[in-house]
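Chemist: One structure, pasted below without further comment.
Rule-based calculations on the coordinates, nothing more; no lab input. In this text the structure is predicted, and so the values were computed from the model without any measurement. Cβ atoms come from the backbone with ideal geometry, glycine included; neighbour counts cover every protein chain shown.
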Amino acid sequence: MEFISNHPIIDITKKKEIEFTFDGKILIGFKGMVISSALFLNKIKIFGQHPKDRSPQGIFCANGQCSQCNVIVNGVPVKACMTLLTEGMTIESCNGLPELPMDDDPVEVKDINIINTDVLVIGGGPAGLSATKILGESNVHVILVDDKAKLGGKLVLQTHKFFGSQEDVYAGTRGIDIGNILEEIVSTLDSVEIWINSIALAVFSDGLIGILKEKDEYILVKPKYILIATGAREKMLVFPGNTLPGIYGAGAFQTLVNRDLVKAAENVFIVGGGNVGLIAGYHAIQAGINVVGLVEALSQCGGYKVHEDKLKRLGVPLFTSHTVISANGQDKLESITIGELTDSWKIEPGSEKTFACDTLLIAVGLDPVNEFYHKALEYKMKVWIAGDAQEIAEASAAIFTGKIEALKILTEIGVPITENLKVLEDFANLMKIKPPDPVQTDLIDKEEGIFPLFHCNQEIPCNPCTSVCPQEQIKTVDDLITQLPYFSDDKDCIGCGKCVSVCPGLAITLVDYRKDRDSPVVTFPLELTSEEIEVGRTVIVVSNDGELGEFEVTRSRFLKEYPKTQLVSVMLPSEIAKTAVGIKLIKSTYTEPIDFYQQLYTGDDIIVCRCERVSVGEIRKWIRYGVRDFNELKALTKAGMGACGGKTCTLLINRIFREEGIKQEKIIAGTKRPLFVEVPMSAFAGIKTKKGI
Ligand code: FES
């Protein structure tokens, strides 16, 4: 594993080296890194052993939710993924249950501060930031709480350009840049207080919200209004070997790679062909990581076709109608076995293939983090919800719903608004639309002049190409954001390349017949290297169906407005000029399956509750005895009683109920209790914990 020192999209500044020890060994990390990333950097993926069965534990959510990454720092157990590395830190693996730190000093209980505010926004991601901006611009007092060291939520991981429209959701701008833009705006607003590194712990029936401010001081906030913008957590899958270190969510992977710049894998396999999985695959390739393949249970990927095409062009095999049979390895992931699904969702015998890989990314969907919202509703508080916490959709939709909910709060406060909420909500619904099937489009006949070609054939909400054309010639059918773009030809294209640069799907090329009709020059977007491609260099030109051949570069450039998207021009024979959609710099290497081997498990051995290591078999046994109540299951098996508080296993247990033929209405949901995450008891006595750990 290594530090990513060169990336086509992320600007990397030299970081200060930090010395620390892990289990007595002196290691080096970098300033600003969390402990888990520093350990990964040093090729350490196993952080400890589970107290129940000594199974290896490592990173899982990378988001402070699961405690799988616990380590001991200076005698105190901490989450490695949420704790910043500091100079000289002594870190030990957490083998079994950590001992209680010796602390015999008498405790002086202090009063807890209660702070009033107009609006408490929980979550500083796309929805929370955009809502805070709207509220702060109207001079409403806001406390914005976020558990990370930097605002932005998932935006800080998103190196790709956003879909949607430029005027509403910064379409064509990269998520990381949108995060910075919004952060800069909200930090200049006088009526906004920003509490980073601060965790919302619980919503109480007396209208107070408990917050551990800067991970150090317990504070109660009494807001008049609350906006929940807590985002989503990744769903997990049940399959043999699913808890091996090296298996984690696509978001956790992006945190390691895009935020902490750790080349966290050599060979990665992805489960799930939605946008999250497809984008994670592209991000891996940008970080120099080989993507062995992607498996999707449905007959086609559910994410945007343009994201899927980007991976296909780079030679990543997409196994649709396939599923994971098992993850294989002793203490860490060594390979995965996949198999083809029949129409009745069974594995086709003989279709099994095993691929060597060190990392498996689970990208099978997201689950809204909405517990605070439901508690606040239960306690009759004035609460709104936005972004993924409201409904899972693209981050661009989250920016928009944050704005809408903030406008609703302004209306409630009595601040006049000029926007028509109904119109905005209709637009938000458009943004949240699931991608429809691609449509068949014909290649245009024209073979003269210069013009853009649109290789997107799926009606998704996206139109930044229409905004950047200086000739105002790019339009969508009926001017609808969900319709496909076309070049209207009333005025000539001037070949500026802005549409090619801005397209989030990298799905526009520019075809120029002006010099030579038989050998037009085609310009492609490239986001795989930060180095300028030299004229005369050979690149591989690809269509969506494969490689078209090697051709020399005739020109390369970056436009000032889009400094990370290189425009590379190549002269091509006219018969392939319109089907060519992209270029790549190296030939794809297909990873052949290895000989089949699979560690034997029975279905009942698979772990469903990671925290308490409860197996499918244990749950199934009690369901068959007639248990229908989650609370009872919890008492009998301890499932859901661990550090994550049932955030991961609840959905999986629901699935076992379904497999056992139990209808949803017969299942009694578990009681949700505070606290949202673990916190030292001393915090409630007003005692400040040691900062930083
Ligand atoms: S991996 Fe750190 S809390 Fe989940």
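Chemist: What residue among ALA229, ILE270, ILE185 has its Cα farthest toward the positive end of the dipole of the chain, where the charges are +1 on Lys, Arg and -1 on Asp, Glu, each on the Cβ?
Modeler: ALA229
Chemist: Roughly how far apart, in whole Å, are the Cα centres of segment 276-302 and segment 207-239?
Modeler: 31
Chemist: Any idea how far the Cα center of segment 432-457 sits from the one of segment 312-385, in Å?
Modeler: 31
Chemist: Within straight cross-link reach of LYS408, meaning Cα distance under 13 Å, which aspartates and glutamates are found once same-chain residues fewer than 8 apart are removed?
Modeler: GLU419, GLU425
Chemist: If you don't mind, there's one more thing I want to ask. Order the peptides 445-452, 162-169, 389-396 from the highest to the lowest mean number of other Cβ atoms within 10 Å of their residues. Present the calculation step by step, with values, prior to reporting the outcome.
Modeler: Values: 445-452: 14.2, 162-169: 21.1, 389-396: 22.6.
By packing density, highest mean first, the sequence is 389-396, 162-169, 445-452.
Chemist: Along the charge dipole of the chain, Cβ charges K/R +1 and D/E -1, which of GLN166, CYS503, VAL145 sits furthest on the positive end?
Modeler: VAL145
Chemist: Can you list the lysines whose alpha carbon is less than 17 Å from that of LYS16, not counting same-chain residues fewer than 8 positions off?
Modeler: Of all the lysines, those that pass the test against LYS16 - Cα under 17 Å, at least 8 places apart if same chain - are LYS31.
Chemist: List TRP622, TRP384, TRP195 from most exposed to least, where exposure is judged by having the fewest other Cβ atoms within 10 Å.
Modeler: Fewest to most other Cβ atoms nearby, the residues stand as TRP622, TRP195, TRP384.
Chemist: Round to a whole angstrom and tell me the spacing of the C-alpha centers of segment 504-563 and segment 27-78.
Modeler: 43
Chemist: Hey, another quick one. So in the chain, what percent of DSSP beta bridges are antiparallel if you round to the nearest 5?
Modeler: 65
Chemist: So, in nm, how far is label SER5 from label GLN49 when the simple model puts each one 7 Å beyond its Cα toward the Cβ?
Modeler: Roughly 3.8 nm, to one decimal.
Chemist: Compute the distance in nm between two label points, each set 7 Å from the Cα along the Cα-to-Cβ direction, one at VAL439 and one at ASN74.
Modeler: Here the answer is 6.2 nm between the modelled labels.
Chemist: Which percent, nearest 5, of DSSP beta bridges in segment 549-693 are antiparallel? Mind dumping the intermediate values first?
Modeler: Details: 8 of 9 bridges.
Given both bridge residues lie in segment 549-693, the antiparallel proportion sits at roughly 90 percent.
Chemist: If you place +1 on the Cβ of every Lys and Arg, -1 on the Cβ of every Asp and Glu, and leave all else neutral, what size is the dipole of segment 352-470 about its Cα centre, to the nearest 20 Debye? Let's see the in-between values first.
Modeler: Values: 10 positive and 19 negative charges, 127 e Å.
That gives a dipole near 600 debye.
Chemist: Still on this structure, please answer the following. Could you pull out every one of the lysines with an alpha carbon less than 17 Å from that of LYS491, ignoring same-chain neighbours closer than 8 positions?
Modeler: Cross-link targets: LYS446, LYS475.
Chemist: Quick one: which of 272-279, 328-335 comes out on top by average Cβ neighbours within 10 Å, and what's the full order, highest first? Could you put the intermediate results ahead of the total?
Modeler: On the way: 272-279: 25.5, 328-335: 18.2.
Highest-to-lowest ranking by the protection proxy: 272-279, 328-335.
Chemist: Could you pull the Rg and Dmax for segment 585-679, using just the Cα atoms, both in Å?
Modeler: Rg then Dmax for segment 585-679, in Å: 17.9, 60.
Chemist: Next question. As I understand it, the value is the acute angle between the Cα axis of helix 395-413 and the longest principal axis of the Cα atoms of the chain; what does it come to in degrees, rounded to 10?
Modeler: With both axes taken from Cα atoms, the answer is about 60 degrees.
Chemist: Next up: Stretched out fully, how many nm does the piece from LYS16 to GLU108 gain, at 0.36 nm a residue minus the Cα gap? Let's see the in-between values first.
Modeler: Values: separation 92, 0.36 × 92 = 33.12 nm, distance 3.89 nm.
Net length gain for the segment: 29.2 nm.
Chemist: Run lengths n ≥ 4 of DSSP H only: what is the helix-derived mean residue ellipticity at 222 nm for the chain, with -39500 (n - 2.57) per run over all residues, to the nearest 500?
Modeler: Working: 16 runs with 142 residues, N = 693.
Calculated from helices alone, the mean residue ellipticity at 222 nm is -6000 deg cm²/dmol.
Chemist: Place a point 7 Å from the Cα of GLU575 along the Cα-to-Cβ direction; which residues of segment 432-469 have their backbone N under 11 Å from it?
Modeler: Within reach of a label on GLU575: no residues.
Chemist: Would you mind checking the tilt of helix 649-659 against the longest principal axis of the Cα atoms of the chain, expressed as 0 to 90 degrees and rounded to 10?
Modeler: Here the helix axis deviates by roughly 80 degrees.
Chemist: In addition: Run the numbers for GLU137 and ASP478: contour at 0.36 nm per residue of separation, minus the present Cα-Cα distance, in nm. Working shown, then result.
Modeler: Values: separation 341, 0.36 × 341 = 122.76 nm, distance 3.41 nm.
Taking 0.36 nm per residue and subtracting the Cα distance, the gain is 119.4 nm.
Chemist: Another question, if that's okay. Neighbouring Cβ atoms within 10 Å as the yardstick, rank HIS307, HIS455 fewest first.
Modeler: Taking fewest neighbouring Cβ atoms as first place, the list is HIS455, HIS307.
Chemist: What's the FRET efficiency of LEU97 with GLU419 using the Cβ-Cβ distance as r and R₀ = 60 Å, to the nearest 0.05? Spell out each step's value before the answer.
Modeler: Values: r = 54 Å, r/R0 = 0.89.
Here the calculated transfer efficiency is 0.65.
Chemist: A follow-up question, please. Rounding to the nearest 10 and keeping the result within 0 to 90°, find how far the Cα-based axis of helix 175-187 lies from the longest principal axis of the chain.
Modeler: It is inclined by approximately 60 degrees.
Chemist: Of LYS353/LYS584; LYS161/LYS263; LYS148/LYS235; LYS235/LYS310; LYS43/LYS634, which pairs sit farther than 26 Å apart, going by alpha carbon to alpha carbon?
Modeler: Going by Cα-Cα distance, LYS353/LYS584; LYS43/LYS634 fall outside the 26 Å limit.
Chemist: Using 0.36 nm times the number of residues separating LYS150 and ASP343, minus their current alpha carbon distance, what extension gain do you get?
Modeler: Difference between extended and current length: 64.9 nm.
Chemist: May I ask which residue of SER615, MET571, VAL581 lies farthest towards the positive end of the charge dipole of segment 510-619, with charges of +1 (Lys, Arg) and -1 (Asp, Glu) on Cβ and the Cα centre as origin?
Modeler: Farthest towards the positive pole: MET571.
Chemist: Additional query: Based on C-alpha coordinates, I'd like the Rg and Dmax of segment 266-335, in Å.
Modeler: 11.9, 38
Chemist: Give the calculated FRET efficiency between GLU660 and ASP367 to the nearest 0.05, with a Förster radius of 25 Å applied to their Cβ-Cβ distance.
Modeler: For R0 = 25 Å, the calculated efficiency reads 0.70.
Chemist: Please give the charge dipole size of segment 305-352, origin at the Cα centre, charges +1 on K and R Cβ atoms and -1 on D and E Cβ atoms. Round to the nearest 20 debye.
Modeler: In debye, rounded to 20, segment 305-352 gives about 300.
Chemist: Something else: Along the three principal axes, how long is the chain when you take its alpha carbons, biggest first, rounded to the nearest angstrom?
Modeler: If we take the Cα atoms of the chain, the spans are 85, 67, 55 Å.
Chemist: Treating only the Cβ of Lys, Arg, Asp and Glu as charged (+1, +1, -1, -1), what charge dipole size does the chain show about its Cα centre? Round to the nearest 20 debye.
Modeler: 1260
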